[in-house]
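One structure is given here, and the rest of the page talks about it.
The values are calculated or read from the model by the stated rules, or taken from the named source; none is laboratory data. It should be emphasised that the depicted structure is a prediction, and the values quoted were computed from it without experimental measurement. Cβ: placed from backbone, ideal geometry, glycine included. Neighbour counts: every protein chain shown.
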Amino acid sequence: MNLLQQLMEKPWLTEDNTVVELRDGRTFALSREKLGLRVFLVVVMVVFSLMMAAYIERKVFSDWHSVPLPWLLWLNTVILVFSSLAMHRAWISARRTEIDGVRVWLYAGGFFALVFLIGQLLAWWELVASGYYAAVDPANAFFFMLTALHGVHLIGGLVAWWRTMAKVTRGCGVVLVRISVELCTVYWHFLLLIWLALFALMLFT
Amino acid sequence: MVDAVQDQDDFVPPAEVAEMELYHPKSWLTKYVFSQDAKVIAIQYSFTAIAIGLVALVLSWMMRLQLGFPETFSFIEAEDYYQFITMHGMIMVIYLLTALFLGGFGNYLIPLMVGARDMVFPYVNMLSYWIYLAAVLVLLASFFVPGGPTGAGWTLYPPQAILPGTPGSEGGIVLMLVSLALFIVGFTMGGLNYVVTVLQARTRGMTLMRLPLTIWGIFMATVLALLAFPALFVGAVMMTFDSLLGTSFFMPAISQFGEQLKYGGGSPILFQHLFWFFGHPEVYIVALPAFGIVSDLISVHARRHIFGYRLMVWAIVIIGALSFIVWAHHMYVSGMNPYFGFFFATTTLIIAIPTAIKVYNWVLTLWRGNIQLTVPMLFAIGFIVTFVNGGITGLFLGNVVVDVPLSDTMFVVAHFHMVMGVAPIMVVFGAIYHWFPKMTGRLMNVPMGQFHFWVTFVGAYAIFLPLHYLGFLGVPRRYYAMLDTGFIPESAQDLNAFVTVVVLIVGAAQMLFLYNIAVSMIKGKKSGPNPWRATSLEWQTPQTPPGHGNFGPTLPVVYRWAYAYGLPDATEDYVPQNLAPDQLMSDYDNSGLSHSAAQAAE
Amino acid sequence: MYVAVMIVLVAVGTVVFHFMSPWWWTPIASNWGYIDDTIIITFWITGVVFVAVLLFMAYCVLRFRYKEGRRSEYEPENKKLEWWLTIITGLGVAGMLIPGLFVWNQFVTVPPGAAEIEVVGTQWQWSFRYPGKDGVIGTSNVRLISGDNPFGLNPDDPNGRDDVLVEGGDLHLPLGGPVKILLRSIDVLHNFTVPQFRAKMDMVPGMITYFWLTPTRTGTFDILCFELCGTGHYTMRASVVVEEKNAFDAWLGEQETFAQTMARAGSDPGRKASLVLNETGNVAAKDRQAQ
Ligand code: HEM
Ligand SMILES: [Cu+2]
Ligand SMILES: [Cu+2]
């Protein structure tokens, strides 16, 4: 039954056909963890959408001076794509129950994510070194805030990654880590999409 | 009745999904302090919320003393007054009501009422509480930093919130923003639990439309909160940047006290949009759980099914959805494009229709019922009266042109106190009297409860009704003192003094309530498992208070909705949700009371 | 029994209080009587609903009091009743909204030829500016504000030279003509309110907001700030004097213009202006108009 049908049910009438109605009380055919992650991604998406809306609202005024985006950001983007791809490979390995593949690709994914974060810091440093402080101009402020927020979310992802890693090194079976790997991968792809959106937004101003 | 459930192995098909493994505490610390049991977390949330709420209550006395007797209390300076209103408003709305309804009632009731052993992510749920506690402590810390807490009003509008001239612009405002951000992070963790538990962890047979309305209210409020709090979060982060790093997200070019400030290019209105994109749904974050809970109180104590259940559910969903497209009714005179007024006035008044339907259905539930005037029922009636009153004044403020003379007057203060102060608090009280027996196994003292109700209800009405009329007169809100104002007659001051006296009386009555809780917890009459003879699952637990895992070895199986009151062909006037259909005529009463005892409890 | 009586008492008491209350709106002094009319319509519609709901509830509490052995009626839904209630509520809501939107349309449509007057809010004082002989208000910029030029007028703008500045005094308005009140703040939010005018609007730094009215009654009224603007918010007062056209003109003639103020101060704000503008660089050419 789809959601709408469920909401149209007349609960007082089901008195007689109870047996049919005894299905498990789940609304979606989805595991709890996956649904939890999806709800969380929606929340994060609202955060970033509101920030982007604020950015666009501000940008339309004539006194907007765009930040010269450091070329390093391009490199960082590529690294983040690598990170996502590696996580994806880890997930594929997990599905094929290849624990070695999971370990290797998880390492790679985490490593690239860390490199990305360091790259972002270098990009900040470059901007600050050439005088683009956050306080100088709204465009700079937005740049620092958006990248910082994205970075914080990635750091949160690394915490989850670290816990998964711990499970793998502790020798938990593939079956036990499979769901964690999948959740990390989805989150990684999501953060990649967010980054691409932010980057595109800042690029086309 | 418990046996009845277990005998049905031939009748009930096997579960499709295996039960989750339950976390079992290993030490005293993990059982009572860092507990992952939603019931313990609920109690932790509730006590913290009520404790900080008492601070807000005391602050309101201070404010009322100043308003009632402006020259008398020299220790309340203008700075203090503005700090008091800010902290009072923010604490009441966020740290008391939101935390209590969702963190407190949500945690306690969701697993029990949907027939789950616990929340789906217990560890995250535990973190949620501890982060909330940290948020409360950071908020309290702002009372002790130089300059004190922020006095920017609970709306925290920039630019003044972070500029000198406003109390607490030194450190208080930053602590407030940090505390809010923490609260939101903590809430999100809890919120994920509430949503996923309701959607995916219901027991067998508990279809969406068999859920008690309490769960619907809390569920929808959580969804709203998850989608609305990000706006406050974004606003708070941006304002923290403005305050600490000197960025100009919300700060235009400003010349203050003869000095040019370094800011430039930001938009104060942008913050207002962000704030109210959160702030209006926030009203419903507080109201929807109250709607849900009061529906159940009315139904149980009127011994009648809720009238128009489906419409009640749809109304909750529709109100929730509409609440995201009305936010700018708080900004009619903010200087935003005045043409927005047409749109937002229309959407706002449209929300009144599903809301009115809810009111009708509550009253129609009483109609042809069998009404027991228990203490929870009294509070439910008190809720209807104050909510209708407050809802009606909302139609004044929502109708854009009527809002123009009334905005930022005492009328607004009276309106939102009726609708999101008094009315939800009535529900909180009613709910505590209602579920106290389940949480402790004892009934609360009834005469004390009745006295508490009458003083609180009549008192609150007498406090806030006249304030509307001061608003018509043009008395502004957030005024430390009225000084000499030509159009305000002497009698307005007498009225203010009267209101202040009533506030103190009502405040004293709350102490009686706390006393009642304390005494009843130890010495209250034993309640039995189901003193109100109610149908929903929390009353059918094998133990009272419910043990770890809530239900016995097998989870209950649900056969009907939560409103089977007054069924013609059943032994009792209530049929528990998990009573097998072939048991309707058996002796299934589990109230633990004889009928006359139930009468006496009334 | 006593519960039903109390509910009735609340309903009746509220209505009695409404009609007996000595606290009611101030006698109106502008054309915005329509707003008062809309409020009265709203009162009647909502008042009827309020009393009806309460009385019906009192009746239920009385009539359907608990009786041992009785069962409540089992009727989960009554589509017809619910439809009727929805329709009636919808009509009631439309009855309030439609007149409200008509009046709002008037409120946002400034009549052509309305005189422009600027109100400037600072912590915690009001100032006023009249357009002078040319009838045009000169441009201004927060960055130009200094001790000599507290309004931040643009000295290069000829429209501003004859503007009349009233710093910290009273606002004077001529009786009977429509006035567009331009609102400007140079520090934080404020709100220009005269309860007798019924209208109000926030003043937002970086923007120029406005509303319009026609004063319809002579007299002196309080101006209050209605948007929290810091510790001194409640002290931010001034008076508005509504007077006959000739009295107004006479008063206006006595006030100093911007050019006179400048000459008296002996400064050349023009040079300074360009200096300031060069320094800060990123000043928007003009404060943003309310879109
Ligand atoms: C008997 C209990 C209460 C009393 C006596 C009381 C009194 C007051 C007073 C005197 C003000 C300041 C009015 C002004 O000068 O503008 C105020 C503001 C406020 N109150 Fe309460 N209040 C009570 C309960 C509540 C509750 C339960 C809520 C929860 C919704 C609440 C929410 C607020 C808010 C949001 C403000 C606005 C703060 C601001 O202007 O920034 N109050 N209250
Ligand atoms: Cu609202
Ligand atoms: Cu003010």
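Being surrounded by fewer than 24 Cβ atoms within 10 Å (Cβ to Cβ), farther than 30 Å from residue C:149 by Cα and either more than 36 Å from the chain's Cα centre (by Cα) or of a type in the set (Gly, Ala, Ser) (or both) is the filter here, so list the residues in the stretch B:244-289 that pass it.
The answer is B:279, and nothing else.
Test of understanding: among B:388, B:363, B:359, which residue is away from ligand 3 (no atom under 16 Å from the Cβ), in the same structural domain as residue B:420 (by TED's automatic domain parsing), of a type in the set (A, V, I, L, M) and closer than 11 Å to residue C:57 by Cβ?
Unique residue meeting the criteria: B:388.
Quickly run through the stretch B:371-387 and pick out the residues that are within 30 Å of residue B:344 (Cβ to Cβ) and surrounded by fewer than 24 Cβ atoms within 10 Å (Cβ to Cβ).
Selection gives B:384 alone.
Which one of these is touching a residue at least 24 places away in the same chain (Cβ under 8 Å) and touching a Phe, Trp or Tyr at 6+ places or on another chain (Cβ under 7 Å): B:384, B:392?
Sole residue among the options that is touching a residue at least 24 places away in the same chain (Cβ under 8 Å) and touching a Phe, Trp or Tyr at 6+ places or on another chain (Cβ under 7 Å): B:384.
Quick test of your reading of the structure: residue B:241 fulfils all but one of (1) of a type outside the set (A, V, I, L, M); (2) closer than 21 Å to residue A:48 by Cβ; (3) buried (at least 23 other Cβ atoms within 10 Å of the Cβ). Name the failing condition by number.
Among (1) of a type outside the set (A, V, I, L, M); (2) closer than 21 Å to residue A:48 by Cβ; (3) buried (at least 23 other Cβ atoms within 10 Å of the Cβ), the lone unmet condition for residue B:241 is (3).
Suppose the filter is on the phi < 0 side of the Ramachandran plot, touching a Ser or Thr at 6+ places or on another chain (Cβ under 8 Å) and surrounded by 21 or more Cβ atoms within 10 Å (Cβ to Cβ); does residue A:168 pass it?
Considered against the rule, which asks whether it is on the phi < 0 side of the Ramachandran plot, touching a Ser or Thr at 6+ places or on another chain (Cβ under 8 Å) and surrounded by 21 or more Cβ atoms within 10 Å (Cβ to Cβ), residue A:168 comes out as no.
The rows are residues; the columns are (1) under 24 Å from residue B:291 (Cβ atoms); (2) crowded, with 24+ Cβ neighbours inside 10 Å.
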position	(1), (2)
B:64	no, no
B:83	no, yes
B:95	yes, yes
B:107	yes, yes
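Take residues that are more than 9 Å from chain B (Cβ to nearest Cβ) and tell me which of the strands (runs of 3 or more DSSP E) falling wholly in the stretch C:161-218 contain 2 or more.
Details: elements: C:164-167, C:171-174, C:179-185, C:190-193, C:200-203, C:207-213.
Counting at least 2 such residues, we get C:164-167, C:171-174, C:179-185, C:190-193, C:207-213.
Determine whether the stretch B:91-100 contains at least one residue that is away from ligand 1 (no atom under 15 Å from the Cβ), over 20 Å from residue B:148 (Cβ atoms) and out of contact with any strand residue (DSSP E or B) (no Cβ under 9 Å at 6 or more places or on another chain).
Within the stretch B:91-100, not a single residue is away from ligand 1 (no atom under 15 Å from the Cβ), over 20 Å from residue B:148 (Cβ atoms) and out of contact with any strand residue (DSSP E or B) (no Cβ under 9 Å at 6 or more places or on another chain).
So residue C:201 fits all but one of (1) aliphatic (A, V, I, L, M); (2) free of Cβ contacts under 8 Å to residues at least 40 places away in the same chain; (3) within 16 Å of ligand 1 (Cβ to nearest atom); what number is the exception?
Among (1) aliphatic (A, V, I, L, M); (2) free of Cβ contacts under 8 Å to residues at least 40 places away in the same chain; (3) within 16 Å of ligand 1 (Cβ to nearest atom), residue C:201 violates only (3).
Just checking, does the stretch B:218-237 include any residue being facing another protein chain (nearest Cβ under 7 Å), part of a loop (DSSP other than H, G, I, E, B) and closer than 30 Å to residue B:171 by Cβ?
No, because not a single residue in the stretch B:218-237 is facing another protein chain (nearest Cβ under 7 Å), part of a loop (DSSP other than H, G, I, E, B) and closer than 30 Å to residue B:171 by Cβ.
Can you spot a residue in the stretch B:199-212 that is more than 24 Å from the chain's Cα centre (by Cα) and part of a helix (DSSP H, G or I)?
Yes, that holds for at least one residue.
Please determine whether any residue of the stretch B:518-536 is modelled with pLDDT of 90 or more and within 14 Å of chain A (Cβ to nearest Cβ).
Yes, because at least one residue in the stretch B:518-536 is modelled with pLDDT of 90 or more and within 14 Å of chain A (Cβ to nearest Cβ).
Conditions: (1) away from ligand 2 (no atom under 16 Å from the Cβ); (2) at negative phi. Residue B:115 meets all but one. Number of the miss?
Residue B:115 satisfies every listed condition except (2).
May I ask you to list pairs of residues, at least six apart or on different chains, whose Cβ atoms are under 6 Å apart, with the first in the stretch C:212-236 being without any contact (Cβ under 8 Å) to a residue 12 or more places away in the chain and the second being within 16 Å of ligand 1 (Cβ to nearest atom)?
As it stands, the answer is C:231/B:78; C:231/B:79; C:234/B:479; C:234/B:480; C:234/B:481, since those pairs meet every condition given.
Test of understanding: among B:393, B:409, which residue is within 13 Å of ligand 2 (Cβ to nearest atom) and facing another protein chain (nearest Cβ under 9 Å)?
Only one candidate passes the filter, namely B:393.
Condition (residue is within 14 Å of chain C (Cβ to nearest Cβ), within 23 Å of residue B:105 (Cβ to Cβ) and at pLDDT 95 or above) applied to the stretch B:275-284: is it met by at least one residue?
Checking the stretch B:275-284: not a single residue is within 14 Å of chain C (Cβ to nearest Cβ), within 23 Å of residue B:105 (Cβ to Cβ) and at pLDDT 95 or above.
Give the residue that is nearest to residue C:215 (Cα to Cα), with candidates limited to residues of the stretch C:77-129 that are polar (S, T, N, Q) and not in a loop (DSSP other than H, G, I, E, B).
First, the residues of the stretch C:77-129 that are polar (S, T, N, Q): C:78, C:86, C:89, C:105-106, C:109, C:122-123, C:125, C:127.
From what's left, not in a loop (DSSP other than H, G, I, E, B): C:86, C:89, C:105-106, C:122, C:125, C:127.
On the way: C:86: 42, C:89: 37, C:105: 19, C:106: 15, C:122: 25, C:125: 23, C:127: 19 Å.
Among residues in the stretch C:77-129 that are polar (S, T, N, Q) and not in a loop (DSSP other than H, G, I, E, B), the one nearest to residue C:215 (Cα to Cα) is C:106.
Looking at B:285, B:298, B:316, B:306, can you tell me which residue is more than 22 Å from residue B:188 (Cα to Cα), in a helix (DSSP H, G or I) and outside the structural domain of residue B:406 (by TED's automatic domain parsing)?
Just a single option satisfies the conditions, and that option is B:298.
So which residues in the stretch B:164-188 are within 12 Å of chain C (Cβ to nearest Cβ) and surrounded by fewer than 24 Cβ atoms within 10 Å (Cβ to Cβ)?
B:164, B:165, B:169
Which one is surrounded by the most Cβ atoms within 10 Å (Cβ to Cβ), of the residues in the stretch B:66-80 that are farther than 23 Å from residue B:491 by Cβ and not hydrophobic (A, V, I, L, M, F, W, C)?
Step by step, filter the stretch B:66-80, then rank; the result is B:80.
Residue check: is residue B:368 surrounded by fewer than 24 Cβ atoms within 10 Å (Cβ to Cβ) and more than 16 Å from ligand 1 (Cβ to nearest atom)?
yes
Mind telling me which of the residues B:570, B:518, B:492, B:497 ends up being over 28 Å from the mean Cα position of the chain (by Cα), without any contact (Cβ under 8 Å) to a residue 40 or more places away in the chain and within 27 Å of residue B:425 (Cβ to Cβ)? Outline the logic, then answer.
On the way: B:570 fails: within 27 Å of residue B:425 (Cβ to Cβ); B:518 fails: over 28 Å from the mean Cα position of the chain (by Cα); B:497 fails: without any contact (Cβ under 8 Å) to a residue 40 or more places away in the chain.
Of B:570, B:518, B:492, B:497, the one residue that is over 28 Å from the mean Cα position of the chain (by Cα), without any contact (Cβ under 8 Å) to a residue 40 or more places away in the chain and within 27 Å of residue B:425 (Cβ to Cβ) is B:492.
Criterion first (touching a Phe, Trp or Tyr at 6+ places or on another chain (Cβ under 6 Å) and closer than 29 Å to residue B:291 by Cβ) does residue B:198 satisfy it?
yes
Which fully enclosed helices (runs of 4 or more DSSP H) of the stretch B:373-478 have 3 or more residues being under 23 Å from the mean Cα position of the chain (by Cα)?
B:375-398, B:410-416, B:423-440, B:446-473
Could you pull out every one of the helices (runs of 4 or more DSSP H) wholly within the stretch B:60-167 that has 2 or more residues that are within 16 Å of ligand 3 (Cβ to nearest atom) and modelled with pLDDT of 95 or more?
In the stretch B:60-167, the matching helices (runs of 4 or more DSSP H) lie at B:78-90.
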